[in-house]
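The block underneath contains the structure these notes are about, expressed in structure tokens.
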Amino acid sequence: MTSSRSRAVVCLSGGMDSAVCAALAVRDYDAYALHFSYGQRTEERELRSARGVAETLGFRDFLHLKIDIFRHIGGSALTDSTIAVPKAPEHEPIGHSVPVTYVPFRNAHFLSAAVSWAEVLDAKTIFIGAVEQDSSGYPDCRPAYYEAFQQLIRTGTKEGDIKVATPLIHMRKKEIVALGLELNAPFNLTWSCYSGAEEACGECDSCVLRLRAFREAGTTDPIPYATSRV
């Protein structure tokens, strides 16, 4: 049976924010998940989470793309095994400076593939769970970045009418948790840790921000942690 709903491509990492973004997308669109394995330390674990989230939320399709350019380029603790994943700072706000876990210009690659697939699917919306506030200080999570990319889409695609939706970008992490609970986002399937695969480390920027968000939202994070700094 043909659906009357519009289509949307969702960049689905398998993390907390992308799961909430995905839950928003499936509420209003026929959603198609796009997941990247790009040589990150927790590549297999993130793929498992993304597949689980997509299946639970009822995505129409799941496209898994593998790229190895970031592994070859290096320069990030997420893709270069010679660079250690740091613990979250104790005496400095997270996001005060661009951390070594930043993968250079990563989101441009993700968005480019999403736009290509959207053109093929005739999808007019791309969702990505970028968050500026309470983030780790990544420059490709800022609103200006997505405004600039929107102009690129307008000038470089066939119809120029695909929109990038960043519904979480101005939200605090605790607000994202609260929204996810309201939408029944499957937080138990998600994975945010930069280094752990079976248990989240509880000490990297991503773990600390996530644990803090669940605590401030007045609930418990359902995934296992090796330790907790929060």
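Scan the stretch 104-126 and tell me whether some residue there is surrounded by 14 or more Cβ atoms within 10 Å (Cβ to Cβ), over 21 Å from Thr42 (Cβ atoms), at pLDDT 90 or above and in contact with a Gly (Cβ under 9 Å, 6 or more places away or on another chain).
Yes: the stretch 104-126 contains one or more residues that are surrounded by 14 or more Cβ atoms within 10 Å (Cβ to Cβ), over 21 Å from Thr42 (Cβ atoms), at pLDDT 90 or above and in contact with a Gly (Cβ under 9 Å, 6 or more places away or on another chain).
Okay, residues lined up against (1) among the β-branched types (Val, Ile, Thr); (2) closer than 16 Å to Thr101 by Cβ; (3) without any contact (Cβ under 8 Å) to a residue 60 or more places away in the chain; (4) open to solvent by less than 50 Å² (accessible area, probe 1.4 Å):
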| site | (1), (2), (3), (4) |
| --- | --- |
| Ile169 | yes, no, yes, yes |
| Lys174 | no, no, yes, no |
| Leu181 | no, no, yes, no |
| Gly196 | no, yes, no, yes |
| Glu199 | no, no, yes, no |
| Asp205 | no, yes, no, yes |
| Leu209 | no, yes, no, yes |
| Gly218 | no, no, yes, no |
| Tyr225 | no, no, yes, yes |
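Which one of Ser37, Ser18, Ser6, Ser13 is polar (S, T, N, Q), touching a residue at least 24 places away in the same chain (Cβ under 8 Å), open to solvent by less than 30 Å² (accessible area, probe 1.4 Å) and out of contact with any Gly (no Cβ under 7 Å at 6 or more places or on another chain)? So that I can check it myself, show each step before the final result.
Numbers: Ser18 fails: out of contact with any Gly (no Cβ under 7 Å at 6 or more places or on another chain); Ser6 fails: open to solvent by less than 30 Å² (accessible area, probe 1.4 Å); Ser13 fails: open to solvent by less than 30 Å² (accessible area, probe 1.4 Å).
Residue meeting the stated conditions: Ser37.
Can you pull out the residues in the stretch 131-158 that are in contact (Cβ under 8 Å) with a residue 40 or more places away in the chain and touching a strand residue (DSSP E or B) at 6+ places or on another chain (Cβ under 9 Å)?
Hit for the stretch 131-158 is Phe149, nothing else.
Taking Ile94, is it in contact with a strand residue (DSSP E or B) (Cβ under 7 Å, 6 or more places away or on another chain) and either of a type in the set (A, V, I, L, M, F, W, C) or modelled with pLDDT of 90 or more (or both)?
Answer is no for this residue.
Take the conditions of a type in the set (Asp, Glu), open to solvent by 10 Å² or more (accessible area, probe 1.4 Å) and under 17 Å from the mean Cα position of the chain (by Cα) and apply them to Glu90. Does it pass?
no
Among Ser81, Ser49, Ser97, which is outside any loop (DSSP other than H, G, I, E, B), out of contact with any Cys (no Cβ under 8 Å at 6 or more places or on another chain) and hydroxyl-bearing (Ser, Thr, Tyr)?
Ser49
The values are calculated or read from the model by the stated rules, or taken from the named source; none is laboratory data. Note that the structure is a prediction, hence the values are computed from the model and not measured. Using ideal geometry, Cβ is built from the backbone for each residue, glycine included, and neighbour counts are taken over all protein chains shown. These area figures cover heavy atoms from the full protein model, side chains too; ligands, DNA and RNA do not enter into them. Shrake-Rupley method; radii C 1.70, N 1.55, O 1.52, S 1.80 Å.
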